[in-house]
Amino acid sequence: MWGNDLPPLPVIVISSDITENQVWTPDNYYRITHPINVQALLVIEPGTYVFCDNYGLAINNGGTLISQGTPDNPVVYTASTRVEEVGWHWTVVPSAGLFHYCPIIVQPTASPATKISYSFIESSVYGIIIDNIRLDTPIENNYICGTRYGVYELGPKLTDIRNNLFFY
C-alpha cells in the first residue's frame, strides 16, 4: 500500500479539522480520511508523506499551511490505494479509474502567509487550487505529476505561479 521503497513508519490518521498549531514530521506518515479544514498553523516538514485518498486540506478561516520541502527532500502528497509504483511517480491502475481529489485548496479566508514550495503532488484531479487570494510568496518549485489540472486559480486575486514542473 505505501510503496516498496518506503520504510515502515507509524501512520497518523487525520480525520478532523486542524484548529490548533501542528507540525507534521517525516518520522510519521499522515493519512487524510475526511475533508480537513486547516484553521491554524500547519507546518509540514521536508520528507513528510501525506496520503490523501479522495480528501485533502482546505486552508481557511485564518489558517496557514507551510508545505516547504527542499530540492532533494520534498513534501509528498500522494494516494495510498489504487496505485502502482513506477519509479518516482505513481500511475492510475486501469480498473480503479481517475482520482477525484485535490490535496491542497487555499480558500479566500486563508492567511496570505501560506507557502507551498518543493512539494511533490501526484495522482489527483487538481494539484493545488488557489481560490481568489494573493499569497505573500509564489507557488514555486513544486513537482506536479499525474494530475488533470496542475494549479487552478479562481477569481481576480491571483497568486504568482513560477518554476513548477508539471509532468505525467
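FYI, it's all coordinate maths here, none of it is from the lab. Note that the structure is a prediction, hence the values are computed from the model and not measured. Glycine gets a Cβ as well: all are built from the backbone with ideal geometry, and neighbour counts include every protein chain shown.
Listed values, structure above:
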| quantity | calculated |
| --- | --- |
| Segment Phe166-Ser16, extension gain: residue separation times 0.36 nm, minus the distance between their alpha carbons | 50.9 nm |
| Distance histogram in 5 Å bins (all Cα pairs of region 94-168, percent per bin) | 4, 17, 28, 24, 16, 7, 3, 2, 0 |
| Selection of GluC sites (Glu not before Pro), region 14-86, meeting DSSP coil and at most 10 other Cβ within 10 Å | Glu20 |
